[in-house]
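Just so it is clear, none of the values below were taken in a lab; they were calculated from the coordinates. Because the structure is predicted, anything quoted here is derived from the model rather than measured. For neighbour counting, all protein chains shown are included, and Cβ atoms are generated from backbone atoms with ideal geometry for every residue, glycine included.
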Amino acid sequence: MDNGFTSFVAAALDSPFRLLDIGCSGGLDPRWRAFGPKLRAIGIDASKAECARLTEAETQAGIEYVPTFVAGVADRPVDLERGQASPLIMAVRERLSFMRTREIRQARLAQAEIEEKLRHNAWEMTELADRTRPVLVSELLAQRGWTEFDYLKIDIDGSDFEVLQTFDGKLQPAGVLGVQLEVNFVGTDSETDHTFHNTDRFMRRQGYELIRLDVRTYSSRVLPGRYVWPTPAETLFGRPFQGEAWYARDFEGAALDRARLLKLAAIYAAVGVPDMAAELLAKRRGELGPFDVERGLDLLAAQAQPDRARKLDYRQYMRGFEADAAHFYRREGSFSLGERLEAAWEAFRKPRR
């Protein structure tokens, strides 16, 4: 998460930042709250109970939670018994240790509060929307007058790739700058499987570059590994099973106005690639109008120094790099207190579903 750069950009914007979150259980990612009152969002989730909970807790205007199943084909009933992913992915999933933990906790989960069910990714055990009448995302957006938006996230545990394909040829015309997708690292060579290789090919055809990829490993139930988070999900060892892929427009050569350039820089920083945000500011500064580029670069340099108590400004930071300063290298075997505290805080604050 960035050190104030997103908020700095938000203050310079005359237009809202529009977020479409498909699979919003647990709420909107806090990083986008940095846009403050300029954030507009539609959250979609199959859990009717979770959408009701989020709606009751929401304090900001312009944010809506819609309980519905989404699909690639309108009005085709969702088969929860078969599962929304491919048979091979579902078969591999059953072999993993987190599924055994869910079996062990099944009786307790049936009586648990919705928050605990969602922490175990047991969304199907909550009150659900009508699975016989899924909707097309395009129709839902049209009903709300959303012809353009800035950021798309899809995480719906199964039919993600099918839903993503409904945006074929529509992402850039809709002004979408960044896309966040859950991906699978298991599957077949079928062109329709929800796998990373299919997702990556699709996104590159749409004109988007991979800017970050997180890989999550999952152990087998035959030899379970220690869980990374306080709830059963990814483990310290195991096969690469799922992950998170972030895509964005590349500003090089892109015909983007001032507002979109600033939003794109904010997306880069928010998802953990402040270097790309800095490159955008440096190379397109002449198109950013009164935006304080030097202050923006200082904030991005601060983000690049999470362990330093007194942050170097951008010019100092770059002088250090050009001088081949020692602090650009990690001492062998060293783990800073800041890194350990950050990892502990992340595990407490945001357990994986």
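Cα gyration tensor of the range 194-314, axes a ≥ b ≥ c as square roots of the eigenvalues: rounded (a/c below 1.5), prolate (a/b > b/c) or oblate?
On the way: a/c = 4.16, a/b = 1.63, b/c = 2.55.
Oblate, since a/c reaches 1.5 and b/c is not below a/b.
When every alpha-carbon pair in the chain is counted, what percent end up more than 27 Å apart? Working shown, then result.
Numbers: 31580 of 62128 pairs.
Distances greater than 27 Å cover 51 percent of the Cα pairs.
So which aspartates and glutamates can K283 reach, going by Cα to Cα under 20 Å and dropping same-chain residues fewer than 8 places off?
Straight-distance partners of K283: E209, D250, E252, D257, D275, D292, E294, D298, D313, E322.
Please compute the contact order of the chain in relative form: average sequence separation of alpha-carbon pairs under 8 Å and at least six residues apart, divided by the residue count, as a percent.
On the way: 572 pairs, mean separation 63.9, N = 353.
In percent, rounded to a whole number, it is 18.
Just to be sure I understand: with springs between alpha-carbon atoms less than 10 Å apart, which residue in G23, G43, G243 has the highest mean-square fluctuation in the Gaussian network model of the chain?
Looking only at G23, G43, G243, the biggest GNM fluctuation is shown by G243.
Would you mind calculating the gained length between E148 and Q106 on full extension (0.36 nm times residue separation, minus the Cα-Cα distance), in nm to one decimal? All intermediate terms of the calculation are to be shown ahead of the outcome.
Details: separation 42, 0.36 × 42 = 15.12 nm, distance 4.21 nm.
Full-extension gain reported as 10.9 nm.
Assuming 0.36 nm per residue, please report the length gained on full extension of the stretch L210 to R331 beyond their Cα-Cα distance.
Details: separation 121, 0.36 × 121 = 43.56 nm, distance 2.98 nm.
Residue separation times 0.36 nm, minus the Cα-Cα distance, leaves 40.6 nm.
Using a Gaussian network for the chain with springs between C-alpha atoms less than 10 Å apart, which of these wobbles most: R33, R100, R315?
R315
Karplus couplings for the range 66-74 from phi (6.51 cos²θ - 1.76 cosθ + 1.60, θ = phi - 60°), rounded to Hz, Gly and Pro as x?
Each residue's phi maps through the Karplus curve to give 10, x, 6, 7, 10, 8, x, 10, 5 Hz.
For each of I104, I154, count neighbouring Cβ atoms within 10 Å of the residue's Cβ, then give the residues from fewest to most. Don't jump to the answer; show the numbers that get you there.
Values: I104 11, I154 23.
Arranged by neighbour count, lowest to highest, I104, I154 become I104, I154.
May I ask you to compute the full-extension gain from T132 to S7, defined as 0.36 nm times their residue separation minus their alpha-carbon distance, rounded to one decimal in nm? Please report the intermediate quantities before stating the final value.
Values: separation 125, 0.36 × 125 = 45.00 nm, distance 4.13 nm.
That works out to 40.9 nm of additional length.
Set the Förster radius R0 to 22 Å, insert the Cβ-Cβ distance between D250 and K170 as r into 1/(1 + (r/R0)^6), and round the FRET efficiency to 0.05. Walk me through the numbers on the way to the answer.
On the way: r = 19 Å, r/R0 = 0.85.
For D250 and K170, the calculated efficiency is 0.70.
With only Lys, Arg, Asp and Glu charged, each at its Cβ (+1 for the first two, -1 for the last two), find how big the charge dipole of the chain is about the Cα centre; round to the nearest 20 debye. List each step's numbers first, then the result.
Numbers: 50 positive and 54 negative charges, 145 e Å.
For this selection, approximately 700 debye.
Report ³J(HN,Hα) in whole Hz for each residue of the range 193-209, in order, from the Karplus equation J = 6.51 cos²θ - 1.76 cosθ + 1.60 where θ = phi - 60°; Gly and Pro get x.
5, 7, 10, 4, 5, 5, 4, 5, 4, 4, 5, 5, 5, 7, x, 10, 9
Rank L19, L281, L88 by mean-square fluctuation in a GNM of the chain with C-alpha springs under 10 angstrom and give only the top-ranked residue.
In the Gaussian network model the winner is L88.
By the gyration tensor of its Cα atoms, with a ≥ b ≥ c the square roots of the eigenvalues, what is the shape of the range 180-262: rounded for a/c under 1.5, prolate for a/b over b/c, or oblate? Numbers along the way, then the final one.
Working: a/c = 4.35, a/b = 1.92, b/c = 2.27.
Oblate is the answer for the range 180-262, as a/c is 1.5 or above yet b/c matches or exceeds a/b.
Calculated FRET efficiency, D14 and S220, Cβ-Cβ r, R0 45 Å, to nearest 0.05? Please list the in-between numbers first.
Values: r = 53 Å, r/R0 = 1.18.
FRET efficiency, D14 to S220: 0.25.
Determine the calculated [θ] at 222 nm for the chain from helices alone, applying -39500 (n - 2.57) to every DSSP H run no shorter than 4 residues and normalising by the residue count; nearest 500 deg cm²/dmol. All intermediate terms of the calculation are to be shown ahead of the outcome.
On the way: 14 runs with 123 residues, N = 353.
Value at 222 nm, helices only, nearest 500: -9500 deg cm²/dmol.
Can you work out ³J(HN,Hα) from phi for every residue in the range 132-143, in order, using Karplus 6.51 cos²θ - 1.76 cosθ + 1.60 and θ = phi - 60°, giving whole Hz and x for Gly and Pro?
Karplus-based 3J(HN,Hα) across the range 132-143 equals 7, 9, x, 10, 7, 4, 4, 5, 5, 5, 4, 4 Hz.
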